[in-house]
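Notes for the one structure printed next.
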Amino acid sequence: MNRIRVTKEFHFEMAHALWNYDGVCKHIHGHSYKLFITICGEPIQDVSNPKLGMVMDFGDLKKIVKEPVVDFLDHSLVLNRTAGNSIPDDSNQMYTKVHLFDFQPTCENLVIYIANTILPLLDPGIELVSVRLYETASAYAEWYMSDNQ
């Protein structure tokens with residue numbers, strides 16, 4: 001058995017604010033996020049399969065992550081639901097992509113959210129190994145399946 005890990009990198013821009021936080025991140029601000037998704041599996045050995053030698057086609061992994069994670073979060077404002085009453089009542093173009101979550105939108109909680117979003121979308125035999133999310137060039141959070149079993 002030869003299990004191989006493969007990783008794909010994604011990018012998105014997102015604003016957030018931390019409800020009831022005691023620092024400057026309580027203010028709405030944005031980040032250029034870098035997301036790394038690592039999966040593990042055995043390379044396909046079936047010579048009639050067009051994906052021969054691949055654990056998963058990188059294009060297929062992109063399809064799994066792009067719409068429910070990258071497209072959903074990109075250029076959005078993410079807030080804790082508790083802070084939702086801080087959003088102006090009148091709908092205008094600046095508040096058309098606001099997501100209210102039941103958790104504080106920290107980098108740590110976002111990796112949990114991303115992992116839980118991707119897990120049910122993976123084919124049998126493909127394991128989600130890790131989710132790494134860079135909030136800045138020098139700060140990131142990681143989720144590992146091995147830490148959560």
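Structure data summary
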{"quantity": "Count - residues of region 55-86 that are open to solvent by 50 Å² or more (accessible area, probe 1.4 Å) and not in a helix (DSSP H, G or I)", "calculated": "1"}
{"quantity": "Among the candidates 35, 100, 79, residue that is of a type in the set (A, V, I, L, M, F, W, C), touching a Lys or Arg at 6+ places or on another chain (Cβ under 9 Å) and farther than 18 Å from residue 129 by Cα", "calculated": "100"}
{"quantity": "Given (1) modelled with pLDDT under 95; (2) under 30 Å from residue 123 (Cα atoms); (3) under 22 Å from the mean Cα position of the chain (by Cα), index of the condition residue 2 fails", "calculated": "(3)"}
{"quantity": "For residue 50: the one exception among (1) exposed (fewer than 12 other Cβ atoms within 10 Å of the Cβ); (2) assigned to a helix (DSSP H, G or I); (3) at pLDDT 95 or above; (4) of a type outside the set (Lys, Arg)", "calculated": "(2)"}
{"quantity": "Long-range neighbours under 6 Å by Cβ, at least six apart or interchain, first residue under 11 Å from residue 144 (Cβ atoms) within region 112-132, second of a type in the set (Ser, Thr, Tyr) and open to solvent by 60 Å² or more (accessible area, probe 1.4 Å)", "calculated": "130/144; 132/140"}
{"quantity": "Residue check, residue 133 outside any helix (DSSP H, G or I), more than 16 Å from the chain's Cα centre (by Cα) and not basic (Lys, Arg)", "calculated": "no"}
{"quantity": "The one condition in (1) farther than 22 Å from residue 104 by Cβ; (2) open to solvent by 80 Å² or more (accessible area, probe 1.4 Å); (3) among the charged types (D, E, K, R); (4) assigned to a loop (DSSP other than H, G, I, E, B) that residue 22 fails to fulfil", "calculated": "(1)"}
{"quantity": "Residue in region 25-64 that is farthest from residue 108 (Cα to Cα), counting only those that are out of contact with any Gly (no Cβ under 7 Å at 6 or more places or on another chain) and small (Gly, Ala, Ser)", "calculated": "48"}
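The values are calculated or read from the model by the stated rules, or taken from the named source; none is laboratory data. Being a predicted model, the structure only gives us computed values, none of them experimental. No Cβ is skipped: glycine too gets one built from the backbone with ideal geometry, and neighbour counts run over all protein chains shown. Accessible surface is based on the protein model in full, side chains and every heavy atom, while ligands, DNA and RNA are left aside. Shrake-Rupley method; radii C 1.70, N 1.55, O 1.52, S 1.80 Å.
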